[in-house]
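K.L.:
Shown below is the structure under consideration.
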C-alpha cells in the first residue's frame, strides 16, 4: 500500500509496540479509522537494549490493519533487513543515521521503489543527517532515547524539530517530519508548532479512553513553518 505525501495535515501514526498483543487484530481494527499509517518498531537487542519484531509481524500488521506500514529499524545493520521487510509489505522503511551502513540501506530502500526514512537519536548532531535530505521521504526526530515505549518527551528536542523543518522547507521537497517518543495530547501541540507533521503515538494512543477525542487533539494541533 502506498504512502501519502505531506499535505499540510498532521498524520497520526500508532506504534504497534504499545498494542496489546493478546488481541492485536482487534487493537489494529480499533485504531484503523483514526490513523494514517502504522509504525513497526524493529529492535535487535544490540543497537538498542530490547528485542521486538521480525518481518513476519510486519506482514501480519499490514494484513490486519489495512494501513501502510513503516518499519522503523532500530538495528545495528539495517541493510541486511531491507528486502525482508519490503517483502513483508512495509511501504516505508526508516533506518537510523547512527547504524552501520545507513546510507547504503537508504539507497537499497529507494532501489526497491519504497519510501525511505531516516531517524536520528537525541544526542546526534543534525549536520550529517540533514545532508541526506535529497534521498529521504521522512525525517524522524527521536524525542526519547530509542528502545522502550512509555518514555517522557524530551522538551530540549523542540529546537531540533524547528531546525529540521527549516531544512525541509528550504529543500522544497515533500518530506514528512516525524516525531516519536512521549507523544500525547499535551506534548503533541508543542511538537507540531515546532514543525512536525507526523506524530508517532504509542502507549498514550492505545490506552486512550476516548480514541476519537485523542486523535482529534493530535490532528488539531497547528503546525509552525
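K.L.:
Can you tell me which of (1) free of Cβ contacts under 8 Å to residues at least 60 places away in the same chain; (2) crowded, with 23+ Cβ neighbours inside 10 Å; (3) touching a strand residue (DSSP E or B) at 6+ places or on another chain (Cβ under 7 Å) is the one residue 160 doesn't meet?
P.N.:
(2)
K.L.:
Continuing with this model, one more query. Taking the stretch 158-177, which residues are in contact with a helix residue (DSSP H, G or I) (Cβ under 8 Å, 6 or more places away or on another chain) and closer than 16 Å to residue 199 by Cα?
P.N.:
158, 161, 162, 164, 165, 175, 177
K.L.:
Kindly indicate whether any position in the stretch 44-67 is in a strand (DSSP E or B), buried (at least 21 other Cβ atoms within 10 Å of the Cβ) and either modelled with pLDDT of 90 or more or touching a helix residue (DSSP H, G or I) at 6+ places or on another chain (Cβ under 6 Å) (or both).
P.N.:
For the stretch 44-67, residues in a strand (DSSP E or B), buried (at least 21 other Cβ atoms within 10 Å of the Cβ) and either modelled with pLDDT of 90 or more or touching a helix residue (DSSP H, G or I) at 6+ places or on another chain (Cβ under 6 Å) (or both): absent.
K.L.:
Mind listing whichever residues of the stretch 193-204 are touching a strand residue (DSSP E or B) at 6+ places or on another chain (Cβ under 9 Å), in a helix (DSSP H, G or I) and over 24 Å from residue 30 (Cβ atoms)?
P.N.:
Answer for the stretch 193-204, where residues must be touching a strand residue (DSSP E or B) at 6+ places or on another chain (Cβ under 9 Å), in a helix (DSSP H, G or I) and over 24 Å from residue 30 (Cβ atoms): just 194.
K.L.:
Would you be able to tell me the number of residues in the stretch 15-43 that are in contact with a strand residue (DSSP E or B) (Cβ under 8 Å, 6 or more places away or on another chain) and exposed (fewer than 13 other Cβ atoms within 10 Å of the Cβ)?
P.N.:
Within the stretch 15-43, residues that are in contact with a strand residue (DSSP E or B) (Cβ under 8 Å, 6 or more places away or on another chain) and exposed (fewer than 13 other Cβ atoms within 10 Å of the Cβ) number 0.
K.L.:
Now for a separate question. Of the conditions (1) touching a residue at least 60 places away in the same chain (Cβ under 8 Å); (2) surrounded by fewer than 22 Cβ atoms within 10 Å (Cβ to Cβ); (3) outside any helix (DSSP H, G or I), residue 12 fails just one. Which one is it?
P.N.:
(2)
K.L.:
Quick one: would you say residue 75 is surrounded by 19 or more Cβ atoms within 10 Å (Cβ to Cβ), over 18 Å from residue 215 (Cα atoms), modelled with pLDDT of 95 or more and in contact with a strand residue (DSSP E or B) (Cβ under 9 Å, 6 or more places away or on another chain)?
P.N.:
Here the answer is yes, as residue 75 does meet what is asked.
K.L.:
Does the stretch 143-156 contain at least one residue that is modelled with pLDDT of 95 or more, closer than 20 Å to residue 116 by Cβ and in a helix (DSSP H, G or I)?
P.N.:
no
K.L.:
Going through the stretch 108-140 one residue at a time, which ones are in contact with a helix residue (DSSP H, G or I) (Cβ under 8 Å, 6 or more places away or on another chain) and not in a helix (DSSP H, G or I)?
P.N.:
112, 114, 115, 116, 118, 120, 122, 126, 132, 136, 139
The values are calculated or read from the model by the stated rules, or taken from the named source; none is laboratory data. Worth saying up front: this structure is predicted, and the values here are computed from it rather than measured. Ideal geometry is used to build each Cβ from the backbone, glycine not excepted, and the neighbour counts take in all protein chains shown.
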